[in-house]
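The values are calculated or read from the model by the stated rules, or taken from the named source; none is laboratory data. Since we're looking at a predicted model, the values are computed, not measured. When we count neighbours, we look across all protein chains shown, and the Cβ atoms used for this are built from the backbone with ideal geometry, even at glycine.
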Amino acid sequence: MDERQLRHDEYTIGWICALPLEQTVAMHMLDERHRDLHNPANDENTYTLGKIGAHNVVIVGLPMGRIGTNDSAAVITRMASTFPNIKFGMMVGVGGGIPNKTRLGDVVICSALGTNAGVVQHDMGKAHAGGQFETRGYLCGPPTAVLTALTKFQADPRTRREMRSHLKKLTAMSDIDESYLKPDSLEDLLFESDYSHANMRKDCSDCDKSRIIQREPRLVDFKIHYGLIASGNTIVKDAKVRDKLCKRYNDNLFCIEMEAAGLMNNFPCVVIRGICDYADSHANDKWQNYAAAVAAACTKALLGVVPEREVRGLQSIQDSITSSSVRASKEYNLQHQAANSPPLTPKKPQGATEPAPQIIGCPEAIWYNNSPDAAHPKLGETLYDANDLTRPQTPPQSPKLENHEKQPHPDDGPSLPRRNTDFGSTQPLLSGDVSAPLTILQKKRSNTFPNTDPAVFFDAIEEGDITTIKRELKNGTNVEIIDEFGRTPLWRAVEIGNRHVIQLLLDNDANVEAKNLRGGNILDWALKKGKEDIVNMVLAKMDAKVKA
Ligand SMILES: [Zn+2]
């Protein structure tokens, strides 16, 4: 059958693989293969083009033998330039699992925790005395359309059935190696952390079987987890290093891998990892093919619930790079001109030079790089109950207004559009089976896309344009809609400090208990910032709710 040939600008999703085996299985997930297109002279990437469901997808691999965050960044930059309408990336492949959370053959999908957008670069940061480690660099998360789809995906009981069906179709393909399907001989062995691999042999046949940790047998073939992924340029094959990393991230880690951080520095993407080992000295490649196949099947199933028209409406990577550059320099200037504004950057040490704003694909990344330490949470801070990711630390019971840092009153002048790390974002999602109960966020997001343009609504909030906000609400915009960084309109309005907008949203029953990125609520935030007027507005709303 003749393959179709499309134009470069007809492709909207980039599927990125680090290993050839990951690329092989990705190609087998295509519903339709398209004819190759010529690359521009400066692009040495090799692409496979095709269609999955309604989406035109570009599959790209990293250069042979070159894995790590830096190489993935270079490959993606070229891809985004050659295919100008790519909206986001999907980094799909294998990774090392964290034993108490995952089993071999499971899938981990990156999901936001704190400011980390689901992926932390574990080898980039600063170690503090006392063992604290502060991560540097901010990584973009998936765009809203994908987050919404992820929510649907997580809740839908058909997800795993879909995945199994995609895996089953692989069996019917004559040109696929059998190792991509789960052979009965595959054993999931987990050794005690302090027991190292016995010898140079690739498998564990000489390892002491009495050091294997006995675990409950699994009743399902695989599970999908949603959580934090650590990425870095160093390969982790040591149980002690792995356990240390877990501790550093407050036991919130699910997977360790080598490419995602480089990718997510550049543009919004989703990271999907099939667990092929436990990042210890016993790691071998036996599970790689099957784990890659499960991850690919998961990606295909996820794409099945991402609406094509939503993707088309997203900003392209190229546009997002351009507009965020403009916005960054605008904000940077504003910040230096606003005499009465609180300093958003800490005083630099004498003799230090101003860091050059680093222009990368998401606005938060730029802001963060302009103000390296401003309000950036330390990873030592426990933001959530360590035993329950869904439970933020208990907020203070009785709000007190004394001893708060004096902040400018919202009416003092035009507020600076703040792009600090206090903006709201996705809450951490639960790990576990797809049948896990829905989080608050999921319920909230189930109906986030009416026939109105979310961007128009958020712009109106930024500009304090009451007429447009009213009109959009009347047209059916959900007051709990979230922006590309996971903020509800009320959170955004509170950050900006426009009381008229806040009141309008409260009058329209905006949820005052919406959590921000760090699991805190609006009341806590306003208290901390000394925004007494907002505290009173929120308390009045809460009172009215209690009385109702
Ligand atoms: Zn071994």
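Of the set (1) of a type outside the set (V, I, T); (2) within 16 Å of the ligand (Cβ to nearest atom); (3) touching a Phe, Trp or Tyr at 6+ places or on another chain (Cβ under 7 Å), all apply to R248 but (2).
Quick grid of which residues meet (1) closer than 22 Å to S165 by Cα; (2) of a type in the set (V, I, T); (3) in the same structural domain as T299 (by TED's automatic domain parsing); (4) modelled with pLDDT under 95:
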{"residue": "T12", "(1), (2), (3), (4)": "no, yes, yes, no"}
{"residue": "T24", "(1), (2), (3), (4)": "yes, yes, yes, yes"}
{"residue": "E32", "(1), (2), (3), (4)": "yes, no, yes, no"}
{"residue": "E44", "(1), (2), (3), (4)": "no, no, yes, yes"}
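Residues that are touching a Phe, Trp or Tyr at 6+ places or on another chain (Cβ under 9 Å) and of a type in the set (F, W, Y) were ranked within the stretch 190-236; the one that is nearest to the ligand (Cβ to nearest atom) is F191. Scanning the stretch 270-306 for residues that are on the phi < 0 side of the Ramachandran plot, part of a loop (DSSP other than H, G, I, E, B), touching a helix residue (DSSP H, G or I) at 6+ places or on another chain (Cβ under 8 Å) and not hydroxyl-bearing (S, T, Y) yields D280, G304, V305, V306.
The single residue among I482, I461, I469 that is at pLDDT 50 or above, within 23 Å of P142 (Cα to Cα) and assigned to a helix (DSSP H, G or I) turns out to be I461. Given the criteria surrounded by fewer than 21 Cβ atoms within 10 Å (Cβ to Cβ) and in contact (Cβ under 8 Å) with a residue 40 or more places away in the chain, does I213 qualify? Yes; evaluated as a whole, the condition is true for this residue. Does Y290 meet the test of being within 16 Å of the ligand (Cβ to nearest atom), at pLDDT 55 or above and among the hydroxyl-bearing types (S, T, Y)? Against the criterion (within 16 Å of the ligand (Cβ to nearest atom), at pLDDT 55 or above and among the hydroxyl-bearing types (S, T, Y)), Y290 does not qualify. Cβ-Cβ distances below 8 Å connect the following pairs, each with a first residue in the stretch 280-294 that is more than 22 Å from Y195 (Cβ to Cβ) and in the same structural domain as K240 (by TED's automatic domain parsing), a second residue that is assigned to a loop (DSSP other than H, G, I, E, B) and within 16 Å of the ligand (Cβ to nearest atom), and a separation of six or more residues or different chains: Y290/L186; A291/L104.
Restricting attention to the stretch 167-187, does a residue exist that is farther than 30 Å from L303 by Cα, touching a strand residue (DSSP E or B) at 6+ places or on another chain (Cβ under 9 Å) and within 16 Å of the ligand (Cβ to nearest atom)? The answer is no, given that none of the residues of the stretch 167-187 is farther than 30 Å from L303 by Cα, touching a strand residue (DSSP E or B) at 6+ places or on another chain (Cβ under 9 Å) and within 16 Å of the ligand (Cβ to nearest atom).
The rows are residues; the columns are (1) assigned to a loop (DSSP other than H, G, I, E, B); (2) aromatic (F, W, Y); (3) over 26 Å from R242 (Cα atoms); (4) not assigned by TED's automatic domain parsing to the domain that holds I109.
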{"site": "P157", "(1), (2), (3), (4)": "yes, no, yes, yes"}
{"site": "S185", "(1), (2), (3), (4)": "yes, no, yes, no"}
{"site": "L189", "(1), (2), (3), (4)": "yes, no, no, no"}
{"site": "M200", "(1), (2), (3), (4)": "yes, no, no, yes"}
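Restricting the first member to the stretch 249-269 and to residues that are assigned to a strand (DSSP E or B), and the second to residues that are modelled with pLDDT under 70, the beta-carbon pairs closer than 8 Å and six or more apart or on different chains are F254/S431; C269/C140; C269/L263.
Among the residues making up the stretch 202-217, those that are in contact with an Asp or Glu (Cβ under 8 Å, 6 or more places away or on another chain) and part of a loop (DSSP other than H, G, I, E, B) are K202, I213. Between I229, I235, the distinction of being β-branched (V, I, T) and part of a loop (DSSP other than H, G, I, E, B) belongs to I235 only.
Is it the case that the stretch 524-546 has a residue that's within 27 Å of Q315 (Cβ to Cβ), within 29 Å of the chain's Cα centre (by Cα) and either modelled with pLDDT under 90 or aliphatic (A, V, I, L, M) (or both)? No, the stretch 524-546 has no match at all.
Look at N498 and say whether it is closer than 25 Å to D459 by Cα, in contact (Cβ under 8 Å) with a residue 12 or more places away in the chain and either surrounded by fewer than 21 Cβ atoms within 10 Å (Cβ to Cβ) or not assigned by TED's automatic domain parsing to the domain that holds I469 (or both). Step through it out loud before you land on a result.
Working: closer than 25 Å to D459 by Cα: yes; in contact (Cβ under 8 Å) with a residue 12 or more places away in the chain: yes; either surrounded by fewer than 21 Cβ atoms within 10 Å (Cβ to Cβ) or not assigned by TED's automatic domain parsing to the domain that holds I469 (or both): no.
Spelling it out, it is not the case that N498 is closer than 25 Å to D459 by Cα, in contact (Cβ under 8 Å) with a residue 12 or more places away in the chain and either surrounded by fewer than 21 Cβ atoms within 10 Å (Cβ to Cβ) or not assigned by TED's automatic domain parsing to the domain that holds I469 (or both).
Quick check, is R518 farther than 22 Å from N475 by Cα, among the charged types (D, E, K, R), at pLDDT 85 or above and assigned by TED's automatic domain parsing to the domain that holds N475? Answer is no for this residue.
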